[in-house]
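J.: Mind having a look at this structure? Questions to follow.
Read-outs throughout are calculated quantities, based only on the coordinates presented, and are distinct from any laboratory measurement. None of the values given here were measured: they were computed from a predicted structure.
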Amino acid sequence: MATVNVMENLVMEKLAERLAVMDCCKCDRCINDMLAVALNELQPKYVNTRKGELFTRIDATKQQNAIDLDVAITKAIETVTAAPHKD
Ligand SMILES: [Zn+2]
């Protein structure tokens, strides 16, 4: 049983949903940059059991968490799209 940051899974899912309808670069590098920006905005949620992961996922659907997630993802997409492939 590994320790995982469930926030990472949630951000990846949400980001994929948003990018599906967006006209911007979706290469691995940009997606990883977006993930990094979004995850730095959010509180990590580490769990080490399958059960814990499910509970945290349900928790993340609560309104404030959903808003925070949306804001962080919007910021991440805007930041990376404004300056893609920047070192
Ligand atoms: Zn790119």
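J.: Between ARG29 and GLN43, what length in nm is gained on full extension when 0.36 nm per residue of separation is reduced by their alpha carbon distance?
T.: Contour length minus Cα-Cα distance gives 2.8 nm.
J.: Then there's this: How much length is gained on full extension from GLU78 to MET22, taking 0.36 nm per residue of separation minus their Cα-Cα distance?
T.: The GLU78-MET22 span can extend by a further 19.0 nm.
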